[in-house]
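Colleague: Supplied in structure tokens, the structure appears directly below.
The values are calculated or read from the model by the stated rules, or taken from the named source; none is laboratory data. All values derive from a computational prediction rather than experimental measurement. Note that we place each Cβ from the backbone using ideal geometry, even for glycine, and neighbour counts take in every protein chain shown. Surface accessibility is based on the protein's heavy atoms, side chains included, excluding ligands, DNA and RNA. Shrake-Rupley method; radii C 1.70, N 1.55, O 1.52, S 1.80 Å.
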Amino acid sequence: MACSPTRNPFTDAETAAVGVSIEGLSKSFGRSEVLKNVTFSVAPGEIFVLMGPSGSGKSVLLKHIVGLEQPSAGRVTVAGRDASAEATRQQVRMALVFQSGALFNSLSVYDNLALYPREHQIADEAAIREKVMRALQILSLEGSAHKAPSELSGGMKKRVAIARGLVMEPQLMLYDEPTSELDPVMAATISEIIATLKDEYRVTSIVVSHDRELALGIADRVGILMGGELVSLGTPADLRTPADPRVAEFLYPKIDLKNPRFKKLET
Amino acid sequence: MNPLTAILEGIGSTLQLLVSAAGYTPTLWRQRARFIEQCYLIGYTTLPIVAILSFFIGSVLALQAGYSMSNFGAKQFIGSLVGLSMARELGPVMAAILLTGRVGSAIAAELASMKVYQEIDALETMNIPPAKVLVLPRLAAVLVMMPVLAIIADLVGWFGGAIVSKYTQSIAIEPEAYFSVLRRFMVFEDVLNGLIKAEVFGFAIVLVCCNIGLNTRGGPREIGAAVTRAVVVSLILILVLDYFVTKALM
């Protein structure tokens, strides 16, 4: 896949941004088919937002891209390499921001960020310190370096998780529900951070979210997954007037007190 | 999944984890801070409870032996009975059982919670293998600390037996006589056999508990279930391995 340069946030160096291609991806857990023949691609440097109701397979799809799940059928490639191969994780720098943050609870915020460069011996301790403090500064977290993850609020945990990803100098950044459980202002802040990272460092970003404001505000393209199938793929402008009634219902649900949905579900 | 398949899958994944962790042995020097931390957790924090328990096991052994051996005038041999029992069997077995309760359960809980809260997934996406940073330092630490725990268990057990032998009226054997018999009937091989057993038990416990923790799936309730499973499997394993290692060392 064609590559545009990704600017490294810590140096003037530029590395190749990577694209992602998903071809006919299906995944089953036992008898339950979670993903059904999903096909789409994400261009280098693009922000792709994947939306869909809970349980539609969005997070499972994200796990396929980072190689944490193996496809039952189909193929996922990152920069043209098989995403399920361990070598791909060694060759392409991918960072996944988990819904819960998945911060290492036994380590301080600083050590959470320093773990990747230390383990991969990317730099000496002084240079690692500089990288970590720079990432914390970008996310306005300088004062939290020596706090434990348990001392942080939900919004701060998400920002620390993004900072931890940033220290990896990623070519591909994946976000799993980055604005869930946050107040509207913090959700908007996280959306701005994602867009800024894309604009300033040209990182390819794939965001799994329920957040319509995020999708309409920062996405280059939006995919909608329902029941394991990709039912819509287009630009945010396309989503403002969706043709598919299921997509319209999902994106713009109306509260109808006279005829509530749960009553319909009961019948 | 039927029980036989589950057992075979457990054995398979444990061996796979062992091979994977062993492959990262050259990184151990770089991970010395983790290794030292694990030595502290496995050795130092387990030591007091091992000492207390071994003292009373040695004491009870002396008391029971004194009670029955006095009947046929053989109470002067209590030292050898306590010495051999502690060195060859009770020292390593009790140290292993305490390691399971004190360390194995903690390892299973910590790794299961890391798995459930996606910290293990985060490590994998960062291309940091859990076998390297979470399993290898623990295995190396138990290999170093387990013989120390077993030796302490032996010594404190012998000492407990000596005190009871001296101060129990029906036994009344002086420590000099007690230790003289202990030395006469024991050889270095007895202690060495016990240390080999302790090493095997400790290694197996830590490996099994790591594997069960890392293979936990589901929510927070599964963390408790993983700890129970790790403790039960480790206790069974200690007794099964005890038989086979004893037989092999005879």
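Colleague: What do you get for the angle between helix A:184-201 and the principal long axis of chain A? Use alpha-carbon atoms, 0 to 90 degrees, nearest ten.
Modeller: Result, in degrees: 60.
Colleague: Still on this structure, I have one more. Using the heavy atoms of the protein chains alone and a 1.4 angstrom probe, what is the accessible area of the protein assembly as shown per residue in square angstrom?
Modeller: 46
Colleague: Another question, if that's okay. Which entries in the list A:27/A:58; A:58/A:131; B:197/B:247; A:63/B:115 go over 23 Å, if you measure between the two C-alpha atoms of each?
Modeller: Long pairs (Cα-Cα over 23 Å): A:58/A:131.
Colleague: So, with +1 on the Cβ of K and R and -1 on the Cβ of D and E, and no other charges, what is the size of the charge dipole of chain A about its Cα centre, to the nearest 20 debye?
Modeller: Around 620 debye, computed over chain A.
Colleague: A further question on this structure: Can you compute 3J(HN,Hα) from phi for each residue in the stretch A:32-42, using the Karplus curve 6.51 cos²θ - 1.76 cosθ + 1.60 with θ = phi - 60°, rounded to whole Hz and x for Gly and Pro?
Modeller: Each residue's phi maps through the Karplus curve to give 8, 8, 8, 10, 10, 6, 7, 9, 6, 9, 10 Hz.
Colleague: Shifting gears a bit: Angle, helix A:154-167 long axis vs. longest principal axis of chain A, Cα atoms, 0 to 90°, nearest 10?
Modeller: So the helix axis and the longest Cα principal axis differ by about 60 degrees.
Colleague: How long, wide and thick is the stretch B:3-249, going by the Cα atoms along their three principal axes, in whole angstroms, largest first?
Modeller: Its Cα atoms span 68, 39, 30 Å along the three principal axes.
Colleague: Next up: Ignoring ligands, DNA and RNA and using a 1.4 Å probe, state the total buried accessible area between A and B in Å², rounded to the nearest 100.
Modeller: Buried surface at the A/B interface: approximately 1700 Å².
Colleague: Further question: Set the Förster distance to 41 Å, then compute FRET efficiency between residue A:213 and residue A:120 from the Cβ-Cβ distance, nearest 0.05.
Modeller: Computed FRET efficiency for residue A:213 and residue A:120: 0.70.
Colleague: Can you give the % of DSSP beta bridges in the protein assembly as shown that are antiparallel, to the nearest 5?
Modeller: 55
Colleague: Note the angle between two axes, namely the Cα long axis of helix A:109-119 and the longest principal axis of the Cα atoms of chain A, as a number of degrees from 0 to 90, rounded to the nearest 10.
Modeller: That works out to roughly 80 degrees.
Colleague: Taking only DSSP H segments of four or more residues, each worth -39500 (n - 2.57), what value at 222 nm results for the protein assembly as shown once the sum is divided by all its residues, to the nearest 500 deg cm²/dmol?
Modeller: Taken over the protein assembly as shown, the calculation gives -17500 deg cm²/dmol.
Colleague: Now for a separate question. With charges set only on the Cβ (+1 for Lys and Arg, -1 for Asp and Glu), what does the dipole of the stretch B:3-249 come to about its Cα centre, in debye to the nearest 20?
Modeller: Charge dipole of the stretch B:3-249: 60 debye, to the nearest 20.
Colleague: Project the alpha carbons of the stretch B:148-250 onto their principal axes and report the range along each, largest first, in whole Å.
Modeller: Over the stretch B:148-250, Cα extents along the principal axes are 59, 32, 21 Å.
Colleague: Pick out the long, greasy-scoring helices in chain B: whole DSSP H runs spanning 30 Å or more along their own axis by Cα, mean Kyte-Doolittle at least 1.6.
Modeller: Qualifying helices: B:47-69.
Colleague: At a probe size of 1.4 Å, how large is the accessible area of residue B:30, to the nearest 10 Å²?
Modeller: 100
Colleague: Run the accessible area of the stretch B:22-98 with a 1.4 Å probe and give the carbon-and-sulfur part as a rounded percent.
Modeller: Answer for the stretch B:22-98 is 73 percent, counting heavy atoms of protein chains only.
Colleague: Magnitude of the Cβ-charge dipole of the protein assembly as shown, K/R +1 and D/E -1, about the Cα centre, nearest 20 debye?
Modeller: 720
Colleague: Same structure again: What's the whole-number percent of alpha carbon pairs in the protein assembly as shown lying beyond 39 angstrom?
Modeller: 40
Colleague: Return a whole-number percent for the relative contact order of chain A, with Cα pairs under 8 Å and 6 or more residues apart as the contact set.
Modeller: 25
Colleague: Something else about it: Do any residues of the stretch A:93-116 show a loss of at least 30 square angstrom of accessible area between the isolated chain and the full protein assembly, using a 1.4 Å probe, and if so which?
Modeller: Buried-area filter returns A:98, A:102, A:104, A:115, A:116.
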